[in-house]
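Values quoted throughout were computed directly from the atomic coordinates according to the rules given, and no laboratory measurement underlies them. Quick caveat: nothing in here was measured; it's all calculated off a predicted structure. Neighbour counts run over all protein chains shown; Cβ positions are idealised from the backbone, glycine included.
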């Protein structure tokens, strides 16, 4: 697992599709769903930790993009 797409595919295996219309919100909801899967012992600790790192990285990237847009305005 290396990309946000990979995390989406992991969630998809459990019938979880996330689309809220804003990428930052999607990432936050994926994190919530990921935690629920892990808490219910449906995914391994390794998969959980890798997906969590990916989501953190993507969240940081999206926040930086938003901050850049605000600075330009």
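Among the residues of the stretch 1-20, those identified as part of a helix (DSSP H, G or I) and within 12 Å of the chain's Cα centre (by Cα) are 4, 5, 6, 7, 8, 9, 10, 11. Give me a count of the residues in the stretch 1-19 that are closer than 19 Å to residue 57 by Cβ and free of Cβ contacts under 8 Å to residues at least 40 places away in the same chain. Result for the stretch 1-19: 5. Among the residues of the stretch 21-73, write down those that are in a loop (DSSP other than H, G, I, E, B) and surrounded by 10 or more Cβ atoms within 10 Å (Cβ to Cβ). Listed by number, the residues that qualify are 22, 42, 43, 44.
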